[in-house]
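Below is one structure, written out as structure tokens, with a few remarks after it.
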Amino acid sequence: MAHLAPSLAPAQLTPRQTVTPVPTSASTPAAEPSSPTASRIRAVPSGTEARGFVLYVGIDEEKAEADGTELGKIVAQIKALVAQIAPSSETYAAVALAPRGSGGRDVDVVRLALQDPAALAKHRQEEPEPEDRARDGVVIDLSRKRLLLDNESANLTYKEFELLQYLVLREGRTIDRAELINALWSASDDDIPNERTIDVHVRRLRSKLGDYEDIVRTVRGVGYRFDRHADVSVRQTSTPSPDLF
């Protein structure tokens with residue numbers, strides 16, 4: 001790929017129309033005809049000037065070898081041609097690299113690799129939309145009583161899910177330890193925790209959350225809270241949860 005002088009904006013070259021001279025009086029010099037090979041730049045915004053152009057050349061080393069040449073020779077000959085046509089010009093060449101076997105048209109790969117604005121815009125439009133916004137995140141499925149971490153099911157106990165659900169349904173509110181005990185354990189339970197052992201239950205829950213453990217926040221000296229997170233999706237139940245009063 002060769003860059004032949006930097007350009008601030010792409011421009012198109014089109015042949016100039018040939019001008020037929022019009023006879024004039026002796027006092028008025030006749031206009032000289034334009035050369036048929038002359039060209040002009042169009043679509044240049046007002047207040048700007050053309051400072052050069054970019055030529056994208058799409059060809060890999062194997063194709064160049066099949067044509068009896070190589071990339072370095074092509075670049076050298078293009079630079080020499082430009083120097084011959086316009087000795088005052090400056091040139092700069094850059095080679096676009098891509099992973100071997102990545103496919104695609106050579107010239108498109110070159111344009112993307114060298115950050116061509118039009119190619120980048122087209123590439124963004126063609127990128128597939130993600131199937132699930134929580135594709136790489138957390139899904140708290142209240143209807144099925146399950147937790148998905150990066151599309152993998154987390155092995156929560158029934159009580160651990162209840163604890164997470166209780167916090168999620170009260171998003172943004174700090175829940176103290178006493179409330180968690182009273183809401184999630186009945187008086188007949190044999191394993192009713194105290195306010196110190198409730199921290200053990202929370203630690204176990206957070207350890208199973210892995211990289212997403214911070215979705216359950218500790219409010220020092222008070223309790224725990226769940227806040228809205230961009231990488232967390234909550235799937236609500238079709239009927240109100242029984243732990244909401």
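The values are calculated or read from the model by the stated rules, or taken from the named source; none is laboratory data. Bear in mind that the values here come from a model prediction, so they are computed numbers and not experimental data. Glycine gets a Cβ as well: all are built from the backbone with ideal geometry, and neighbour counts include every protein chain shown. These area figures cover heavy atoms from the full protein model, side chains too; ligands, DNA and RNA do not enter into them. Shrake-Rupley method; radii C 1.70, N 1.55, O 1.52, S 1.80 Å.
Mind telling me which of the residues Ser102, Ser143, Ser88 ends up being in a loop (DSSP other than H, G, I, E, B), open to solvent by 60 Å² or more (accessible area, probe 1.4 Å) and under 30 Å from Arg217 (Cα atoms)?
Sole residue among the options that is in a loop (DSSP other than H, G, I, E, B), open to solvent by 60 Å² or more (accessible area, probe 1.4 Å) and under 30 Å from Arg217 (Cα atoms): Ser143.
Name every residue in the range 168-183 that is surrounded by 15 or more Cβ atoms within 10 Å (Cβ to Cβ), under 35 Å from the mean Cα position of the chain (by Cα) and not in a helix (DSSP H, G or I), in order of residue number.
Matches in the range 168-183: Leu169, Arg170.
Whether any residue in the range 199-210 is without any contact (Cβ under 8 Å) to a residue 24 or more places away in the chain, farther than 19 Å from Phe161 by Cβ and open to solvent by 30 Å² or more (accessible area, probe 1.4 Å) is what I want to check. Lay out the reasoning, then the answer.
Filtering the range 199-210 for residues without any contact (Cβ under 8 Å) to a residue 24 or more places away in the chain gives 199-200, 203, 206-207.
Next, from what is left, pick out any that are farther than 19 Å from Phe161 by Cβ: none.
No, because not a single residue in the range 199-210 is without any contact (Cβ under 8 Å) to a residue 24 or more places away in the chain, farther than 19 Å from Phe161 by Cβ and open to solvent by 30 Å² or more (accessible area, probe 1.4 Å).
Among the residues of the range 146-167, is any in contact with an Asp or Glu (Cβ under 7 Å, 6 or more places away or on another chain), open to solvent by 80 Å² or more (accessible area, probe 1.4 Å) and at pLDDT below 90?
Checking the range 146-167: not a single residue is in contact with an Asp or Glu (Cβ under 7 Å, 6 or more places away or on another chain), open to solvent by 80 Å² or more (accessible area, probe 1.4 Å) and at pLDDT below 90.
Just to be sure before I move on: is Asp132 touching a Pro at 6+ places or on another chain (Cβ under 9 Å), at pLDDT below 85 and open to solvent by less than 60 Å² (accessible area, probe 1.4 Å) in the structure I sent?
No; evaluated as a whole, the condition is false for this residue.
Does at least one position in the range 184-204 carry a residue that is within 37 Å of the chain's Cα centre (by Cα) and either among the aliphatic types (A, V, I, L, M) or not in a helix (DSSP H, G or I) (or both)?
yes
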